[in-house]
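Heads up, the thing below is written out as structure tokens.
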Amino acid sequence: MRLVPVDFEVPTGAVSTLFVLEPLGPKHNAADLAAWTSSIAHIRVTPGFAGRPWPDRPFSLDENETDLVRHAEDFANRTGFAYTVRDPSFGDVIGCVYLYPPRRSGYDVDVRSWVTAEHADLDKPLYDFVLEWIAGSWPFTGPDYAER
């Protein structure tokens with residue numbers, strides 16, 4: 001089932017002084033893998049990830065690519081949207097944002113985000129940025145996004 005209507009123009013990204021969001025895909029494989037595997041313990045305690053099965057262990061580069069291909073397919077099929085989060089100054093991957101069908105009633109989208117342990121101070125600014133982006137660029141009115 002599509003997460004957004006067929007005629008909705010899905011954002012190809014978002015930019016702020018702190019972040020550049022772009023659709024996550026296989027081209028981000030090595031940088032994405034390095035980012036999240038360096039921060040598994042941090043991600044596990046990030047609001048929205050506690051009690052979830054990912055990340056459970058480091059992936060191989062091939063396993064991560066398979067996961068990124070799945071996210072890109074979800075994006076193309078409009079069933080879910082994953083965005084890599086990059087540092088605007090250096091282009092490093094510093095996190096990720098996910099918009100997927102809601103898991104709980106009363107919401108129209110499940111939103112999760114993480115930043116690397118090295119950039120933990122950006123978790124709340126990313127949360128605020130994503131909430132603003134959803135309100136201004138997406139058709140959702142009831143996001144389920146764990147507060148920071």
ask   = Once the Cα atoms of the chain are picked out, what are the Rg and Dmax in Å?
value = 14.3, 40
key: Listed residue (VAL69, SER39, TRP54) projecting farthest to the positive dipole end of the chain, Cβ model   = TRP54
key: Solvent accessible area, Å² - SER60, 1.4 Å probe, full protein context   = 50
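Rounded to the nearest 20 debye, what is the charge dipole size of segment 3-148 about its Cα centre when +1 sits on each Lys and Arg Cβ and -1 on each Asp and Glu Cβ?
Working: 12 positive and 22 negative charges, 66 e Å.
Using only the charged Cβ atoms, the result is roughly 320 debye.
May I ask you to list the GluC sites (Glu not before Pro) in segment 1-104 that are in a DSSP loop and have at most 11 other Cβ atoms within 10 Å of their Cβ? List each step's numbers first, then the result.
Values: sites: GLU9, GLU63, GLU65, GLU73; in loops: GLU9.
The qualifying sites are GLU9.
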request  = Would you give the gap between the C-alpha center of segment 110-140 and the C-alpha center of segment 1-46, rounded to a whole Å?
outcome  = 10
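The values are calculated or read from the model by the stated rules, or taken from the named source; none is laboratory data. Predicted, not measured: the structure shown is a model, and the values here were computed from it. Every residue, glycine as well, gets a Cβ built from its backbone with ideal geometry; the counts of neighbours run over all protein chains shown. Just so you know, the surface numbers come from the protein's heavy atoms only, side chains and all, with ligands and any DNA or RNA stripped out. Shrake-Rupley method; radii C 1.70, N 1.55, O 1.52, S 1.80 Å.
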